[in-house]
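Let me begin by presenting the structure, written as structure tokens, before commenting on it.
The values are calculated or read from the model by the stated rules, or taken from the named source; none is laboratory data. Values in this document were obtained by computation on a predicted structure and should not be read as measured data. Every residue, glycine as well, gets a Cβ built from its backbone with ideal geometry; the counts of neighbours run over all protein chains shown. Surface areas here come from the heavy atoms of the whole protein model, side chains and all, with no ligands, DNA or RNA. Shrake-Rupley method; radii C 1.70, N 1.55, O 1.52, S 1.80 Å.
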2 protein chains.
Amino acid sequence: MTGRGSGEQVTIADVARHAGVAASTVSYVLSGKRTISATTRGRVLASVRALGYHPNAGARALASRKANVIALVLPLRTGMQVPVVMRFATAVVTTARRYDHDVLLVTADEGPAGLHRIAGSALVDGVLLMDVELEDSRVPLLRELALPGVLIGHPADSTGLACVDLDFRRAGELCVEHLAAAGHRRIALLGAPAAVYDRGTGFAHRTRAGVVAAAGRLGVDAVTRPCEEGPAAVRRDLAALLAEHPDVTGLVVQNESAVGPVLAALPLLGRRVPQDVSVVAICPDELAEPSGLTCVPVPAEEVGRQAVTLLMRRLRDEPVPEVTLLEPRLTVRDTSG
Amino acid sequence: MTGRGSGEQVTIADVARHAGVAASTVSYVLSGKRTISATTRGRVLASVRALGYHPNAGARALASRKANVIALVLPLRTGMQVPVVMRFATAVVTTARRYDHDVLLVTADEGPAGLHRIAGSALVDGVLLMDVELEDSRVPLLRELALPGVLIGHPADSTGLACVDLDFRRAGELCVEHLAAAGHRRIALLGAPAAVYDRGTGFAHRTRAGVVAAAGRLGVDAVTRPCEEGPAAVRRDLAALLAEHPDVTGLVVQNESAVGPVLAALPLLGRRVPQDVSVVAICPDELAEPSGLTCVPVPAEEVGRQAVTLLMRRLRDEPVPEVTLLEPRLTVRDTSG
DNA sequence: ACGGGTCGTCGAAGCGCTTCGACGACCGCG
DNA sequence: CGCGGTCGTCGAAGCGCTTCGACGACCCGT
């Protein structure tokens, strides 16, 4: 039994009285900001437990000027890469709790105004920004508000910020290295939709660069080609690719929505997997695993953990690297050989 | 320009000084809890805007004893019906903002302890509990803590609580009614995994009851059968079902992970859709829509909205119904006729 | 013209916590 | 044996806000 079930809030004064000390002493025991004798500390902690004391968040925030809450700004506009976001959110919450922080959920569609509100009201100590665009209006705002923030992905100008992302260039290289090691000499990248490249989105360009670089280094041919979304479009783009380059035997796919259709369409195009064509994808592992697809997973949990860790460091005013790239790993399954 | 970009917090005293009134007057203007002359109000609001004032959340929470934050307890343990959860969360955040509340994200794996912490620290005013089990340890705790809460789904004993859920019984009826109206006389329900029924999970039982009841009422045959997860298992269970009941022409599927495999497997089992067999699913619309599947969608947004609305009502100490069932609607597409 | 209501505003008292300065008690050193 | 220096604890002063009671000013009816 934790003393009292429900009822009125237990205050620090209650604990102090129960332990026979001053309220400030209780505070110091709990924060460890001053030395307290072992006996007193023991008595206080016992009282805390006996009364089921939890410090009042509002009062604490007011007095200490820190909320112990961070905001997670998610691209909740429907139609995103949902499972990844979810796993990411889980990791963020879990990690934040480990640092004794809670997580406030904010939707991206509140936009810059949301950041203003949150910063102005001191609701949170810092912000995790997902789904950052190359020229994101919230990024300069973050700088201006002096609101500690960590970005997932990275914008064009990342000076003075902290960004976490998968090292997509390395991911591209990894795929090519794997295929080359398996003996493939003609490789193709079936990439993101053309619009994504045109927008100059970082991850797509970096992956392509990695593929091309690795191919050059290893002396294999590599062609790259955008790929539109939707089963029909994927089939069309894949067919076109194979028509132009019929001798391709290694395929890198970086387009979540293309994974399924590609695997379905290859046999129809006369290519058995992996006998005729090896397929490697850069996509969430959930998507790859059930199909036995060799892939470089997007490590959502790891990104979440890293992001929180960086933010905590910033909150302590410790220096953090501007860009943190996560090392990709390739999981070999049945579609490559 | 909103006055000052970054820098120190603007307090209510700053606004009061700027407007030439007392701080309490500013407070009353903002809360509307006392009548204030139009001229004064105008002056105050102008100052608020000029200075870019946002009330300090901690101070406000401390003084008013309400945090203006609600907790959303999500089943973030990986492997849930992810897209639904996501849309639900979006709706919750958006609706909560409309009531001037923010949303704290809590993972279910913090369990009862998390509720204790949150309640004890007055971090939130109320709780939205998702993924409620029939005998959920958090439910009695909610009662004991006198923490206003709204449940998504409903537990065995819902007295004194507020629950929101899709009316699954009605959903089951709806599916049967639709199939019967199309002339089908032998109908099968391919349901949740057996374990789900064994756990006594409400929605599965209620759906089955609805199917059986409607079939009885309409004088059609209905068989029901659990269905395990995973493409292979689904194929097996479906094949078994059709072997035992080869004359089934109407199929109700209530198992997200089964939808794709069922549609893929039916042709292989010699059944064309919808010529030989009509298929109706109870599943997220995203899943059904791309396949042209007739379905009763799970209205995640609507549930989220309702849940927040109910919670807000509870926070205002207004009476709320113990159980709120959402009327299911059936969307006719290509797989039934 | 005067008492009784509003109406609009103000000042002060907290809400529960952190933090700063103060201050005994006790230590070891010369 | 007395003096400076920790060490451990306390009291008080806010943090920025809401809210309560008070109190002029004004309007009404008579």
Count of residues meeting criterion [within 12 Å of DNA strand C (Cβ to nearest atom) and either modelled with pLDDT under 95 or within 14 Å of chain B (Cβ to nearest Cβ) (or both)] in the range A:41-59: 10
Boolean, B:A215 is at pLDDT 90 or above, closer than 18 Å to B:I282 by Cα, open to solvent by 10 Å² or more (accessible area, probe 1.4 Å) and out of contact with any Ser or Thr (no Cβ under 6 Å at 6 or more places or on another chain): no
Residues that are closer than 23 Å to A:V332 by Cα and open to solvent by 40 Å² or more (accessible area, probe 1.4 Å), drawn from the range A:224-246: A:T224
Scope the range A:243-272; condition aliphatic (A, V, I, L, M) and farther than 16 Å from A:C175 by Cα; matching residues: A:A243, A:A258, A:V262, A:L263, A:A264, A:A265, A:L266, A:L268, A:L269
Odd one out for B:A119 among (1) crowded, with 23+ Cβ neighbours inside 10 Å; (2) touching a residue at least 40 places away in the same chain (Cβ under 8 Å); (3) over 14 Å from the mean Cα position of the chain (by Cα): (2)
Of all residues making up the range A:26-51, the number that are more than 16 Å from DNA strand D (Cβ to nearest atom) and open to solvent by 70 Å² or more (accessible area, probe 1.4 Å): 1
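In contact with a helix residue (DSSP H, G or I) (Cβ under 7 Å, 6 or more places away or on another chain), facing chain A (nearest Cβ under 8 Å), at pLDDT 95 or above and crowded, with 16+ Cβ neighbours inside 10 Å: is that true of B:L76 in this structure?
Values: in contact with a helix residue (DSSP H, G or I) (Cβ under 7 Å, 6 or more places away or on another chain): yes; facing chain A (nearest Cβ under 8 Å): yes; at pLDDT 95 or above: no; crowded, with 16+ Cβ neighbours inside 10 Å: yes.
No: the conditions fail for B:L76.
Every residue, every condition in (1) more than 8 Å from every other protein chain (Cβ to nearest Cβ); (2) under 15 Å from A:V106 (Cα atoms), yes or no:
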position	(1), (2)
B:R97	no, yes
B:D100	yes, yes
B:L123	no, no
B:G126	yes, no
B:D131	yes, no
B:P140	yes, no
B:H154	yes, no
B:S158	yes, no
Selection status of A:H54, more than 30 Å from A:E302 (Cβ to Cβ), surrounded by 17 or more Cβ atoms within 10 Å (Cβ to Cβ) and away from DNA strand D (no atom under 16 Å from the Cβ): yes
Any hit, the range A:190-212, residues being away from chain B (no Cβ under 14 Å), in a loop (DSSP other than H, G, I, E, B) and open to solvent by less than 10 Å² (accessible area, probe 1.4 Å): yes
Cross-chain or 6+ apart pairs with Cβ under 7 Å, the range B:227-243 first and more than 14 Å from every other protein chain (Cβ to nearest Cβ), then of a type in the set (V, I, T): B:C227/B:V234; B:L238/B:V262; B:L242/B:V248
Helices (runs of 4 or more DSSP H) enclosed by the range A:228-337 - at least 3 residues per element that are modelled with pLDDT of 90 or more: A:231-244, A:300-315
A:P284, sole failed condition from (1) more than 15 Å from A:L166 (Cβ to Cβ); (2) in contact (Cβ under 8 Å) with a residue 60 or more places away in the chain: (1)
